[in-house]
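To keep things clear, I will list the structure first and then write my remarks on it.
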Amino acid sequence: MSTVSVVIPCYKYGHFLADCVKSVLDEQEGVDVRVLIIDDASPDDSADVARALAAADPRIEVRVHERNQGHIATYNEGLLEWADGDYVALLSADDRLVPGALVRAAALLDAHPEAGFAYGRPLRFQHGGPLPAARTRSTGSVVYPGRWWLDRRFREGTGCITSPEVVVRTSLQRKVGGYDPELPHAGDIEMWMRLAAHADVGYVQGADQAFYRVHGDNMSTTDFGGQLDDLRQRLVAFDSVLVKCGDLLPESDRLARAARTRLARYALRRAYRAYDRGRTAVVPVGELVEFAAECLPDGYTSLAEYRALRRRRRIGPRVMPFLQPLVLSAVADRGREWLWWRSWKRRGI
C-alpha cells in the first residue's frame, strides 16, 4: 500500500481544520496517510484545534510556530523536512480533498514511475454554500511528457493547477527543492514547472480531485494593482525556471520568448478592457503598457492587443464604454478588427 504524507499549513484557519483533516483521513481508503498540521503562529485558537485533532488520531502530528514564518517557509518545512511517504501533498486548511483523490493519484504514480506528480480537476465552491457534486470514479489517466507540458505552460503564460489537487513523488520533491521565497504569489506555477522539467506529468481523468474554497481571505490577487503584480510574479517565475533548469531545456530562448509574448498580451488586454469598461481611472493602464514593453521591448507594439488599445485611446475613455458592445476582441483576426474600425469611422463619432 502506498504511503502519502499530507502537509496542512494553517494560519487562522482553525475553523476549517476538522473538515480538511476529515477529507484526508476518513475519505481516502486504499492508501496509508499521515498528516502534519503546521500552525504558523495563529493569533486565534487554531493551534488548540490542531492539537485536539491530533489527540484524537495518532496519524496526525502538529507543529506550532512561536513566531510567524510565512507561508513559503511553512510549506517547505513540511515538504522537505517532514514528509517521508512515497508521495506528498500540500493541502491548505481551508480546502479539502474529494473522496478517493489520494488513491487515484497514488495509483497513477505507482503505475507510471516516470511521472513526477499527478493532478486532476479541482472544484471551486463558495464558503458557506454546499459542496458541489464531485465525480469520484476515474475514467483513466494520461501521462504527458514533462517537456511538452512545460512548453505549454510557457506558451499559455499561466498555470493550469489550483494547488490542492496535486500529489508529488516525494523523492522528486526533495530533488528539485521547495518553494522559492522570492515568489510569494507565483511559487506554485514555478514549482510545477520545475517538477515537469525533471519528470513527466500525470493527469487523473474523469474524477474530481479537490475542493477549493472561495472566501474573502484567499491568498489571491483580484484588485487591479494586484493583477499587475500577478503578471510581474509570473514573469519572474518563468525566468526562474529557465535559470534553475536551463541545462535541461535546450530551447530556453524560444520558451522565454513565448512566455513573454503571452504575458505582454495579457497586460495589454487588461489595459484596453479598462477603456471598454470605463475603468481607466482605477486600472493602471500606463503601468500595464510599461510591463508589456518590459516583456517584449522589440515587438509589443506589433501585437493585436496593442493596436486595440491604441484605437481605444483615440476614441477616448468617455465614449468607449458606449461602443464596447460593438468591439471585437483584439485577438480576433485582423480582417474582422479592421471591419469594426471602418464601421466606427463611418459613424463619424
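The values are calculated or read from the model by the stated rules, or taken from the named source; none is laboratory data. All of these numbers come straight from a predicted model, not from anything done at the bench. A quick note on method: Cβ atoms are made from the backbone with ideal geometry, for glycine too, and the neighbour counts reach across all protein chains shown.
Data for the structure
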{"read-out": "Near pairs, Cβ below 7 angstrom, 6+ apart or cross-chain, from the stretch 269-290 (free of Cβ contacts under 8 Å to residues at least 40 places away in the same chain) to any residue that is among the small types (Gly, Ala, Ser)", "value": "280/274; 285/271; 285/274; 289/271"}
{"read-out": "Residue list for the stretch 289-309, restricted to those being of a type in the set (Asp, Glu) and over 24 Å from the mean Cα position of the chain (by Cα)", "value": "290, 298, 305"}
{"read-out": "Residues of the stretch 154-171 classified as within 23 Å of residue 207 (Cβ to Cβ) and either touching a strand residue (DSSP E or B) at 6+ places or on another chain (Cβ under 9 Å) or at pLDDT 95 or above (or both), total", "value": "11"}
{"read-out": "Enumerated strands (runs of 3 or more DSSP E) restricted to the stretch 98-217, each holding at least 3 residues that are farther than 18 Å from residue 85 by Cβ and not assigned by TED's automatic domain parsing to the domain that holds residue 249", "value": "115-126, 140-144, 200-214"}
{"read-out": "Top-ranked residue in the stretch 277-311 [being charged (D, E, K, R) and over 26 Å from residue 155 (Cβ atoms); ranked as surrounded by the most Cβ atoms within 10 Å (Cβ to Cβ)]", "value": "311"}
{"read-out": "Qualifying residue in the stretch 87-108 (condition: touching a residue at least 60 places away in the same chain (Cβ under 8 Å), surrounded by 18 or more Cβ atoms within 10 Å (Cβ to Cβ) and basic (Lys, Arg))", "value": "yes"}
{"read-out": "Test for residue 195: is it modelled with pLDDT under 95, within 15 Å of the chain's Cα centre (by Cα) and of a type outside the set (Val, Ile, Thr)", "value": "no"}
{"read-out": "Some residue of the stretch 227-239 being buried (at least 16 other Cβ atoms within 10 Å of the Cβ), of a type in the set (S, T, N, Q), assigned to a helix (DSSP H, G or I) and modelled with pLDDT of 95 or more", "value": "no"}
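Listed here are the residues, each with its yes/no results for (1) among the β-branched types (Val, Ile, Thr); (2) farther than 24 Å from residue 92 by Cα; (3) out of contact with any Asp or Glu (no Cβ under 7 Å at 6 or more places or on another chain).
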position: 133; (1), (2), (3): no, no, yes
position: 155; (1), (2), (3): no, yes, yes
position: 164; (1), (2), (3): no, no, no
position: 169; (1), (2), (3): no, no, yes
